[in-house]
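Notes to accompany the following structure.
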Amino acid sequence: MDGKGFFIDLTKCHACRGCQVACKQWHKLPAEETHNWGSFQNPQDLSFITYKLVRMEESVENGKVKDWLFFPDQCRHCIQPPCKMVGDMDDERAILQEFETGTVMFTARTKNLFADEIRDSCPYDIPRVNELTNVLSKCDMCFDRVINGKLPACVLSCPTGTMHFGDLDDMKAMAQERLAEVKKIYPNAVLGDPNAVRVIYLFQDRPSKYHGRAVASVGPRLYNRQQAFAKLFRPNRKA
Amino acid sequence: MTNHYNDLMNSDCILMMGANPAENHPVSFKWVMKAKEKGGKILSVDPRYTRSSSKADLYVPMRSGTDIAILGGMIKYILDNDLYFKDYVVNYTNASFLVNPDFGFKDGLFTGYDPQTESYKKDTWTFQMDAQGIPRKDPTLQDPNCVFQLMKKHFERYNLDRASETSGSPKDKLEEFYKMYAATGAPDKSGTIMYAMGWTQHTTGVQIIRAMAMIQLLLGNVGVAGGGVNALRGTSNVQGSTDQALLFHIIPAYMPTPRANLATLDAYNATTPKSNDPKSANWWQNRPKYIASLLKAMYPDQDPATSYNFMPKLDVGQNCSWLVLFDHMHQGKFKGYFVWGQNPAGSSANSTKTREALSKLDWMVSVNVFDNETASFWKGPGMNPAQVKTEVFALPPAVFCEKEGSVSNSGRWIQWRYQGPKPPGQCVRDGDIMLELFTRIRDLYKKDGGAFPDPILNLNQKDIAKEGKSFPDRFDPQKVAKLLSGYDVNTGKQVANFTQLKDDGSTACGNWLHSGAWTEDGNNMARRDKTQTEMQANIGLFPSWSFAWPVNRRVLYNRASVDLNGQPYAPHKAVIKWDGSKWVGDVPDGGWPPSERHPFIMRAEGYGQFFGPGLADGPFPEHYEAMECPYEEHPFSGQLHNPTALKFAGEAAMRAVCDPRYPFVGTTYRVTEHWQTGIMTRWLPWLLETMPQNFAEIDPELAQLRGIKNGDKVILENMRGAIECVAVVTPRMQPLISMGQKLHQVGTTWHYGWLHPKDGGDSANLLTPSVGDPNTGIPETKTFMVNIRKA
């Protein structure tokens, strides 16, 4: 059994943000206090209380907008999740990988992990920490819905057929089929790491135009001073 | 919509102009994307590059308010290049009709203009009649007085240079747009238009839509799958409220409101549209049956001739449209005001005037789910509560999912909703609020008498209220639905549809277009049956899903989708087809065999109208600048503005025309994340999180010019008001070259208000002018002049 997966066809996403709000609704997550920062995108980034975020990037050529790219960012539920590999070194019950669906699940025991390390380990920069409790959070594939035969909240909310959910093999096939079709209009179209993840994006342009960490191996994560120092003290890890 | 949402997927070319469906009608976009998947072209023409534009094959920027220049250019392009669908134009439109030789057009004015009244006498806007009283025609379309030649002459001025110069749209983009859209003139192709308030909210709004309707007729796009003229209505049930005539000029199902000069039912019926052409169905000739049945529905115990006298009557020429009502309120002509599910302090053009008008009332009742800028206007900015005499009552209503009833979507599907949760606390369903109000007023009339108690005392109760129940559980939506659909008063049986309605008082029907929604078979609006024939499945037509007015017809004017032998022009997406003995597919526009009746059955003559003599501002569309504009002249005529626009005394000095203090073209819109004035969304934290504050979108050059950085607080201002918001500096906005000048546009939303959230900003309608379209009175909130500066 290969578990479950998403196929997210970005050629059809027009950023209605139904998925972003549906995620908050199902998980009963509070709203963040935001302000308009000169963009339609809000919140500005993922957070401990925002698992799903529609990122928006204007693609500009010669000063003129060529495209407006929308990217509903979320955990990819990697087949071999690096976050779990790192987390298991400190607490094997902190990050779980559910057998039937393949869901990568963060538990409250993530408080026992080094949050920065977990975030660093993610090729897509997804996990976020609660600074007060040190607990980490991210998309849980609406596991409680899925085991009851329901679609994840984000998929259910999507009006355009951008978001799909089902058996991973089916999603992979759907992604390949759609890629072949879309290439006729968007020659740069590409699937994001289709063999490594359970959440397969179809990008109509180079993934880096959507987001620096849209696909793995785009480049190393950059560190601010605080993060750099945290790395320095890495040897003092918990027993 | 002549068509419906699913049908968008059948289109070869979807034009989004005057609408931004990805953001404002996001669920409709599912069908747009399906059309694209099937190879259809998607076009977006908009002052801004929007979320809709991001999915378009072609985006054309434009100056707000120049739609007729652009569409007129397309009409000329189609005519010059012989791209129109000739059989359709000759057989199904009034292109061949001969017009009164005295009709003319000169320098922006049609014949009959009276500068004193700023209106037209339409006695020359007529057709030449033959001895039988049928319009004379020239099917060769060569007669210089035929509609086709007059149209050609009228649009001769709309060349590509002029269209581009006026609109600021680059010539190459315009030409590409014309070419892509005009390709749907092939008999088996269809193009459709998705428009909304971006077209209606101009002083030329109705004529913009007319221009597009003419394009659709030229290309043979009306009546076909993937075609039509499709208005995306602004709220979920606004189609239903229009059908029930929540407007001043019509009574339910689009019959004209009685006027004072029509003192009797006979006089009213004498105005029924007539045709001497035996091949014209002239459906409105049935109007006497519908008015009699409506009167019987309202007054079951009176004969219609008597109860007609109970109907309120407008004076001849009286205009009670929105802006006029608020102008009268501002003059202190009203004592009281029910504001029901609305927030005019934010939604109404020239909101300062609106807010002042509210202070002239003795009382106001606000029925709304949340507190809002209207209900609390007395403590708003610039108001001194001690000086406001208006007494405000706030009533808490149930929300949509707490009520049973019907909701009509833009595609005319009347869909039944069951009640979900019960209304919390003291919240009451609107129907019960109204019924209780009525009952108490009636009791007062009974007790104390009054000037004219009959209309109140005779009003139908049995078909509205539940027996033996009391407030707040008396209103019966099922009974009302049955009354709207209609029944035989002698047998009590529901009618099958409006063909069974009578003009003698023997049938009662509250809305002839809803007739058939609830028959002896039950509630057809509640049907959720996906059964369809192969032919229906081919075009996504579900005849047993809910009920569409009229008579469950899904595509209006579908008799124009077939040739004179009843065979579809586009066999691969046929809407109807004559199989030799009957029609198959959709419900046809009347069951007559092919070519026995002209297809446009709601027009007296039976033809689609290029020459439209019914409008206030001319039988052909003409470009005029908005009432506030950056120029003192334009290249089409010496008439700067629509000479018949609705305006108000004393406000001309408050309008900026070529005023260096307000050099930028402003426009307003909505975003996906908020709803109208934001009453229902600003209080929801998850939605507020996504769009927390009002903003102004500007191009990077304008930002540089004004020293504004992305995310800066800015002030938008003009002579009517000022609002503070956040600058969104984006290449999605671009300066345009229009009339030889570089022109910047500023876009902002009208979702926010001073009440909540505290730093959200106030309504953009503080900036918009109180001027309106002469036909509808809809305010011109899409084009006005502003200045922008750093806060």
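Each value in this text was obtained by applying a stated rule to the coordinates, not by laboratory testing. All figures in this text were calculated on a predicted structure; none of them were measured in a lab. Virtual Cβ from ideal backbone geometry, glycine too; neighbours counted across all protein chains shown.
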Long-range amide H partners of B:Gly411 with built H, under 5 Å: B:Tyr5
query: Pulled fully out, how much extra length does the chain show between B:Ala260 and B:Gln318, if you take 0.36 nm times their separation in residues and subtract their Cα-Cα distance?
result: 19.9 nm
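Tell me the mean residue ellipticity at 222 nm calculated for the protein assembly as shown from its helices only (DSSP H runs of n ≥ 4, each -39500 (n - 2.57), averaged over every residue, nearest 500). Display every interim value, and only then the final one.
Numbers: 30 runs with 236 residues, N = 1030.
Theoretical 222 nm ellipticity from helices: -6000 deg cm²/dmol.
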query: Residue-wise, which Karplus ³J(HN,Hα) couplings in Hz belong to the range B:153-158, taking 6.51 cos²θ - 1.76 cosθ + 1.60, θ = phi - 60°, and x for glycine or proline?
result: 5, 4, 8, 4, 6, 8
message: Go through the cysteines of chain A and tell me which have no other cysteine Cβ under 4.7 Å away.
response: A:Cys13, A:Cys16, A:Cys23, A:Cys78, A:Cys83, A:Cys122, A:Cys142, A:Cys158
statement: Here the relative contact order (percent) of the range B:419-512, from C-alpha pairs under 8 Å and at least 6 apart, is 21
query: Each label point is 7 Å from the Cα along the Cα-to-Cβ direction; what then is the distance between the points at B:Val369 and B:Val584, in nm?
result: 4.6
message: Give me the tail of P(r) for the range B:163-316 as a percent: Cα-Cα pairs with distance above 26 Å.
response: 48
- request: State whether chain B is rounded, prolate or oblate according to the following rule on the C-alpha gyration tensor (a ≥ b ≥ c being the square roots of its eigenvalues): a/c under 1.5 gives rounded; otherwise a/b larger than b/c gives prolate, and the remaining case gives oblate.
  value: rounded
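Between A:Gln80 and B:Cys427, how high is the FRET efficiency from 1/(1 + (r/R0)^6) when r is the Cβ-Cβ distance and R₀ = 51 Å? Nearest 0.05.
Numbers: r = 53 Å, r/R0 = 1.04.
Plugging the Cβ-Cβ distance into 1/(1 + (r/R0)^6) gives 0.45.
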task: Under a cut-off of 19 Å between alpha-carbon atoms, report the lysines in cross-link reach of B:Lys296, not counting same-chain residues fewer than 8 places apart.
output: B:Lys313, B:Lys462, B:Lys479, B:Lys482, B:Lys493, B:Lys502
- request: Give me the lysines in straight-line cross-link reach of B:Lys582: C-alpha distance below 24 Å, same-chain residues under 8 apart excluded.
  value: B:Lys279, B:Lys530, B:Lys573
field: Long-range amide H partners of B:Gly666 with built H, under 5 Å
entry: B:Val746, B:Phe784, B:Met785, B:Val786
- prompt: Going down the table (A:Lys66/B:Lys76; B:Lys34/B:Lys55; B:Lys86/B:Lys137; A:Lys12/A:Lys66; A:Lys66/A:Lys209; A:Lys64/B:Lys173), which pairs top 20 Å between alpha carbons?
  reply: A:Lys66/B:Lys76
- request: Just need the relative contact order of the range B:658-791 here, percent rounded to a whole number, with Cα pairs under 8 Å and 6+ apart.
  value: 36
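Using 0.36 nm per residue, how much length does the chain from B:Glu632 to B:Lys446 gain when fully extended, once their Cα-Cα distance is taken away? Don't jump to the answer; show the numbers that get you there.
Numbers: separation 186, 0.36 × 186 = 66.96 nm, distance 6.08 nm.
Stretched out fully, the B:Glu632 to B:Lys446 stretch lengthens by 60.9 nm.
Summarise the partner chain shielding of B:18-27 as one whole number: the mean count of Cβ atoms from other chains within 10 Å of each residue's Cβ. Can you show the working numbers first?
Numbers: counts 0, 0, 0, 1, 6, 4, 0, 1, 8, 4.
Counting other chains' Cβ atoms within 10 Å and averaging over B:18-27 gives 2.
Using only the Cα atoms of the range B:615-657, build the gyration tensor, take square roots of its eigenvalues as a ≥ b ≥ c, and label the shape rounded, prolate or oblate: rounded if a/c is under 1.5, else prolate if a/b is larger than b/c, else oblate. Working shown, then result.
Numbers: a/c = 3.02, a/b = 1.25, b/c = 2.43.
Oblate.
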message: If I model a spin label at B:Leu705 and B:Asn276 as a point 7 Å from the Cα along the Cα→Cβ vector, what separation in nanometres do I get?
response: 6.0
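Tell me, B:Ile193, B:Ile78 in order of fewest to most beta-carbon neighbours within 10 Å? Don't skip to the end; give the middle numbers.
Values: B:Ile193 28, B:Ile78 21.
The most exposed by this proxy come first: B:Ile78, B:Ile193.
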field: Local net charge near B:Met33, Cβ-Cβ under 11 Å (Lys/Arg +1, Asp/Glu -1)
entry: +4
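Under 8 Å for C-alpha pairs, at least 6 residues apart: give me the relative contact order for the range A:137-218, rounded to a whole percent. Let's see the in-between values first.
Working: 71 pairs, mean separation 13.5, N = 82.
With pairs under 8 Å counted, the relative contact order is 16 percent.
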- line: Percent antiparallel among DSSP beta bridges confined to the protein assembly as shown, rounded to 5, stands at 60
query: Per residue of A:15-22, how many C-beta atoms from partner chains lie within 10 Å of its own C-beta, taken as a mean?
result: 5
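Between B:Asp521 and B:Lys742, what FRET efficiency follows from the Cβ-Cβ distance if R0 is 60 Å, with the result rounded to 0.05? Before the final figure, lay out each step's value.
Values: r = 64 Å, r/R0 = 1.07.
E between B:Asp521 and B:Lys742, to the nearest 0.05, is 0.40.
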task: Read phi for every residue in the range A:125-136 and hand back ³J(HN,Hα) as whole Hz from Karplus 6.51 cos²θ - 1.76 cosθ + 1.60, θ = phi - 60°, with x for Gly and Pro.
output: 6, 9, x, 10, 10, 8, 4, 7, 9, 6, 6, 9
- prompt: Tell me, in nm to one decimal, what length is gained between B:Asn490 and B:Trp592 on full extension, where the rule is 0.36 nm per residue of separation less the Cα-Cα distance?
  reply: 33.7 nm
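When B:Cys401, B:Cys725 are ordered from fewest to most other Cβ atoms inside 10 Å of their Cβ, what list results?
On the way: B:Cys401 11, B:Cys725 24.
Starting with the residue having the fewest Cβ neighbours, the order is B:Cys401, B:Cys725.
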field: Convex hull per residue volume in Å³, alpha carbons only, for the protein assembly as shown
entry: 188
task: Could you list B:His641, B:His756 in order of exposure, starting from the residue whose Cβ has the fewest other Cβ atoms within 10 Å?
output: B:His756, B:His641
task: Show which aspartates and glutamates lie in cross-link reach of B:Lys422 when reach means a straight Cα distance below 18 angstrom and same-chain residues fewer than eight apart are skipped.
output: B:Glu402, B:Glu404, B:Asp430, B:Asp432, B:Asp473, B:Asp476
query: Over all pairs of distinct alpha carbons, what does the Kirkwood formula give as the hydrodynamic radius of the range B:1-145, in Å?
result: 18.8
task: Please give the FRET efficiency for B:Thr126 paired with A:Asp2, using the beta carbon to beta carbon distance and R0 = 56 Å, rounded to the nearest 0.05.
output: 0.15
